[in-house]
Amino acid sequence: VQLQASGGGLVQTGGSLRLSCVVSGIRFSVYAMTWDRQTPGKQREMVATLSSSGIPVYSDSVKGRFTISADNAANTVHLQMNSLKPEDTAVYYCHVVHSFSHYWGQGTLVTVSS
């Protein structure tokens, strides 16, 4: 299982970014996909998850600002991030659980300047 995340960068407060994660090695459409994030000194936290049936769940900190979606034909999960805040600065990881094992992509850095 391989996950390749991209789309991070530097953006000003209030700006937008779109993260993408291409997944290979599994039948993408039958798995829930998750975006996590981590900042130095803090535990990795769930940002958004999309069930295999297409139901999204968001953390309270991003609800109403972030949107998770999937392109099953492209084996890709996206995270549209709007109204970004400095506290959204983190390394973002896409994440899947397959056969009781957790897999993460390499992470993509999002930096929101104030």
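The values are calculated or read from the model by the stated rules, or taken from the named source; none is laboratory data. Predicted model only: the values in this text are computed from it and were never measured. Cβ coordinates were reconstructed from backbone atoms using ideal geometry, including for glycine residues, and neighbour counts include every protein chain displayed. Heads up: the accessible areas ignore ligands, DNA and RNA and are worked out on the full protein's heavy atoms, side chains in. Shrake-Rupley method; radii C 1.70, N 1.55, O 1.52, S 1.80 Å.
Just a few scattered comments:
- Test set (1) open to solvent by 20 Å² or more (accessible area, probe 1.4 Å); (2) assigned to a strand (DSSP E or B) - E87 fails condition number: (2)
- Every condition in (1) assigned to a strand (DSSP E or B); (2) more than 21 Å from S83 (Cβ to Cβ) holds for V47 except the one numbered (2).
- Here L109 fulfils each of the conditions (1) assigned to a strand (DSSP E or B); (2) closer than 24 Å to I26 by Cα apart from (2).
Per-residue answers, yes or no, for (1) closer than 16 Å to Q4 by Cα; (2) out of contact with any Gly (no Cβ under 8 Å at 6 or more places or on another chain):
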{"site": "G41", "(1), (2)": "no, yes"}
{"site": "R44", "(1), (2)": "no, yes"}
{"site": "A48", "(1), (2)": "no, yes"}
{"site": "V57", "(1), (2)": "no, yes"}
{"site": "S83", "(1), (2)": "no, no"}
{"site": "F100", "(1), (2)": "no, yes"}
{"site": "G105", "(1), (2)": "yes, yes"}
{"site": "T111", "(1), (2)": "no, no"}
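- Of everything listed in (1) open to solvent by 20 Å² or more (accessible area, probe 1.4 Å); (2) at pLDDT below 95, the single unmet condition for H78 is (2).
- In segment 45-63, the residues that are open to solvent by 70 Å² or more (accessible area, probe 1.4 Å) and more than 16 Å from Y92 (Cβ to Cβ): S52, S53, I55, V57, D60, K63
- Within segment 69-89, residues that are of a type in the set (S, T, Y) have Cβ atoms under 9 Å from residues that are in a helix (DSSP H, G or I) and open to solvent by less than 60 Å² (accessible area, probe 1.4 Å) in these pairs: T76/F28, counting only partners at least 6 apart in sequence or on another chain.
- Checking V110 against (1) without any contact (Cβ under 8 Å) to a residue 60 or more places away in the chain; (2) at negative phi, the condition it does not meet: (1)
- Residue in segment 22-41 that is in a loop (DSSP other than H, G, I, E, B) and open to solvent by less than 30 Å² (accessible area, probe 1.4 Å) present: yes
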